[in-house]
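The values are calculated or read from the model by the stated rules, or taken from the named source; none is laboratory data. All values reported here derive from a predicted model rather than from experimental measurement. Cβ coordinates were reconstructed from backbone atoms using ideal geometry, including for glycine residues, and neighbour counts include every protein chain displayed. Ligands, DNA and RNA are stripped out before the accessible areas are found, and what is left, the full protein with its side chains, is counted by its heavy atoms. Shrake-Rupley method; radii C 1.70, N 1.55, O 1.52, S 1.80 Å.
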Amino acid sequence: MIITRILPVLVALLLHSGFAGAASLDDAFLAARDAARSGDARRLEQQLPRFQGQLLEPYVRYWWLKARLEKLEPAEIRAWLAANTDTPLSDYLRRDWLKQLGKSGQWEIFSAELPVLVNEDLETTCYALQARAQTDSMALREARPLWFVARALPDSCDPLFEALLRSQQLSAEDVWTRVRLALEAGQAGLAGRVAAFLPKGQAPDARLLTAISGNPAAHLTDARLELKSRAGREAAMFAVHRLGRTSPQQAAAHWTRLAPRFSEEERAYVWGMLGYFGAMRHDPAALEWFARASGMSDLQLGWMVRAALRAQRWPEVLAAIEAMTPKEAEDPAWRYWKARALKTVGREAEALALLKPLSAEYSFYGQLAQEDLGGAVQAPAAAYKPTEQDIAAIAGRPGIRRALALFQLDVRLEAVREWLWAIRGFNDRQLLAAAEVARRNSVYDRAINTAERTVFEHDFGLRYLAPYRDQLKAAARQLDLDEAWVNGLIRQESRFIAQARSRVGASGLMQLMPATARWVAGKIGLKDWQWSQVTEVETNISLGTYYLRHVLDTLDGSPVLASAAYNAGPGRARAWRAGERMEAAIYAESIPFNETRDYVKRVMANSSYYAHNFSQQAQSLRARIGVIEPRARDREKPLGDTP
């Protein structure tokens with residue numbers, strides 16, 4: 001009788017201890033990660049025995065090895081690397097080791113290990129060139145292009161640059177070029193550090209550059225403006241284009257007055273910068289400024305194209321694209337607009353030669369090219385579906401299992417890296433099987449991104465997942481929104497990850513900011529609203545679709561304008577309109593913010609594919625995006641207390 005009463009209690013205790021053991025192992029993993037991040041080697045070492053033989057043991061072991069790297073023998077490091085090639089951790093540890101070897105000048109071991117490294121970063125690259133420079137004089141020549149960037153570089157690059165200067169492979173003009181690049185990027189501090197490589201007495205005053213950054217107009221109106229030295233002229237040119245960022249007309253007026261005191265090259269350089277900043281602000285004078293420029297960068301030429309598109313000056317569109325470097329000219333945007341420009345000037349055959357290959361690409365411009373050729377937007381038929389055996393084979397791989405375990409722990413950065421390492425080298429069918437594994441485990445972003453990697457065999461049902469279609473369909477119907485557009489927007493916002501959080505504080509499926517969520521919650525009468533609710537699927541959809549309807553109503557019912565507003569704010573979306581009617585594709589291409597420009601094009605392209613998937617009918621992106629009406633026709637509907 002006593003045994004009968006005790007047995008259920010023992011079973012319950014055993015079951016509880018099993019669940020507690022699993023939970024505590026998860027807690028131990030997170031504790032080990034925290035210990036590694038804080039540099040607590042002792043606490044990290046205490047966790048090691050618990051992970052012996054466990055799925056995530058490589059992570060805890062990697063953190064422990066990394067903390068002791070300087071004390072380890074090469075044989076011990078190599079043994080661990082050889083045993084863990086199926087995880088990105090092997091590459092991370094090898095890269096960490098290579099940096100240590102480079103720093104200490106152990107070039108023989110460094111050179112033996114470098115060829116196995118998969119993902120080289122700039123610090124490792126510079127060490128690799130240092131290693132080669134011991135025996136190969138060509139290594140310095142390969143280091144030279146690294147100099148011409150507008151950002152700070154790792155310390156491992158400095159010995160290369162010093163050697164280039166000593167061997168006269170890096171001139172004072174090269175130093176001035178990088179000073180300009182830094183100043184163009186608004187990096188006055190970096191410009192000052194780069195200028196230290198100039199001959200004595202030639203560097204611009206670092207404090208002056210900093211002062212110009214804060215008040216460029218004051219420098220340009222200073223009666224003591226010194227323009228005889230190179231440093232003085234570069235400082236003045238910096239002040240002009242710094243002012244041009246916010247007031248291009250004012251900057252152009254200053255430059256018109258000062259330009260005669262500068263060389264032809266200097267005048268052309270500054271007009272190119274003013275054209276760039278003017279075009280970004282949609283200033284009608286930008287094309288006039290570009291016309292006075294020469295030797296423009298791809299970035300400047302791209303904005304010349306956008307300014308010419310808004311002005312419908314097709315010969316200038318064509319001229320700017322043809323002046324680009326071959327690599328830049330291959331961008332889908334420039335191939336498409338070049339084709340349109342060629343067609344406008346009567347060169348039909350050349351236009352068709354560009355549009356035909358572009359129409360085979362699954363993108364915003366691929367869809368437009370397809371329509372320009374008389375076709376319509378359709379998702380390709382899924383020619384292959386992985387079998388259960390195929391799916392099980394992928395799901396059983398250690399890297400995939402580790403990635404899923406990390407996703408379960410919400411350790412997303414490590415999980416994504418593990419997943420990407422696991423699918424390296426997969427063929428199309430393996431990628432589709434992996435995408436299905438991710439879908440079944442509700443890791444929707446990996447399902448979409450993995451399905452997007454296929455080259456020949458595609459599944460647009462996986463590329464354009466709609467895991468919350470029932471909820472979204474109901475919300476869209478209630479608010480008279482296009483269901484395909486809402487799905488296309490969420491795909492771009494969060495890849496359907498309900499817990500998604502951005503670096504700026506947006507959360508949930510529809511990536512709502514706190515102020516927006518609070519405002520909408522008040523509008524729809526959501527009682528007892530708390531920010532923690534924002535990641536609840538139903539709540540996020542209710543809030544997000546209401547706000548989307550709101551911006552659509554205040555922007556002429558244009559999904560292109562509303563998409564821009566959802567990403568960058570209604571005020572900006574409205575300000576980017578022109579004084580005349582405009583193709584929506586031109587509006588989208590001329591959005592000044594890189595992120596928003598890419599976002600709008602992707603959302604609208606996504607929408608076409610979702611519409612096709614939902615209806616199985618051919619779609620028209622051009623009809624979907626419509627035209628953008630001029631600013632004069634903006635509705636005067638007040639935004640109230642919209643955030």
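Below, the figures for the structure above:
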quantity: Ala259 vs. criteria touching a Pro at 6+ places or on another chain (Cβ under 8 Å), part of a helix (DSSP H, G or I) and closer than 28 Å to Gly201 by Cβ; calculated: no
quantity: Restricting region 577-598 to residues that are part of a helix (DSSP H, G or I) and open to solvent by 10 Å² or more (accessible area, probe 1.4 Å), the residue that is farthest from Ile490 (Cα to Cα); calculated: Asn594
quantity: The one condition in (1) surrounded by fewer than 20 Cβ atoms within 10 Å (Cβ to Cβ); (2) more than 29 Å from the chain's Cα centre (by Cα) that Trp289 fails to fulfil; calculated: (1)
quantity: In region 178-207, residue nearest to Arg166 (Cα to Cα) [restricted to those that are part of a loop (DSSP other than H, G, I, E, B) and not hydrophobic (A, V, I, L, M, F, W, C)]; calculated: Pro199
quantity: Matching residues in region 336-352 - criterion: being touching a helix residue (DSSP H, G or I) at 6+ places or on another chain (Cβ under 9 Å), over 18 Å from Leu287 (Cβ atoms) and either open to solvent by less than 70 Å² (accessible area, probe 1.4 Å) or not in a helix (DSSP H, G or I) (or both); calculated: Tyr336, Ala339, Leu342, Arg347, Ala351
quantity: Residue count for region 47-57, restricted to those that are in a helix (DSSP H, G or I) and either at pLDDT below 90 or closer than 18 Å to Leu406 by Cα (or both); calculated: 5
quantity: Glu226, sole failed condition from (1) open to solvent by less than 10 Å² (accessible area, probe 1.4 Å); (2) at pLDDT below 95; calculated: (1)
quantity: Matching helices (runs of 4 or more DSSP H) fully within region 66-129 where at least 1 residues are of a type outside the set (Val, Ile, Thr) and under 22 Å from Asp40 (Cα atoms); calculated: 74-83, 88-103
quantity: Verdict on Glu184 being over 20 Å from Leu122 (Cα atoms) and open to solvent by 60 Å² or more (accessible area, probe 1.4 Å); calculated: no
quantity: Out of Pro199, Pro216, Pro204, sole residue that is surrounded by 23 or more Cβ atoms within 10 Å (Cβ to Cβ) and over 20 Å from Gly278 (Cα atoms); calculated: Pro204
quantity: Only listed residue being without any contact (Cβ under 8 Å) to a residue 24 or more places away in the chain and in a helix (DSSP H, G or I), chosen from Ala308, Ala333, Ala381; calculated: Ala308
quantity: Test: residue in region 604-623 that is open to solvent by 10 Å² or more (accessible area, probe 1.4 Å), within 28 Å of the chain's Cα centre (by Cα) and under 18 Å from Arg581 (Cα atoms); calculated: yes
quantity: Selection within region 74-107 - among the acidic types (Asp, Glu) and farther than 22 Å from Ser156 by Cβ; calculated: Glu76, Asp86
quantity: Complete set of residues in region 241-282 that are surrounded by fewer than 24 Cβ atoms within 10 Å (Cβ to Cβ) and among the β-branched types (Val, Ile, Thr); calculated: Thr246, Thr256
quantity: Among the residues listed as Gln408, Gln378, the single one being at pLDDT below 95 and open to solvent by 60 Å² or more (accessible area, probe 1.4 Å); calculated: Gln378
quantity: Failed item in (1) over 27 Å from the mean Cα position of the chain (by Cα); (2) farther than 30 Å from Gln168 by Cβ; (3) modelled with pLDDT under 95, with Ala196 passing the rest; calculated: (2)
quantity: Residue among Leu555, Leu548 that is hydrophobic (A, V, I, L, M, F, W, C), more than 23 Å from the chain's Cα centre (by Cα), under 26 Å from Ser442 (Cα atoms) and open to solvent by less than 20 Å² (accessible area, probe 1.4 Å); calculated: Leu548
quantity: Qualifying residue in region 196-210 (condition: within 19 Å of Val149 (Cα to Cα) and among the basic types (Lys, Arg)); calculated: no
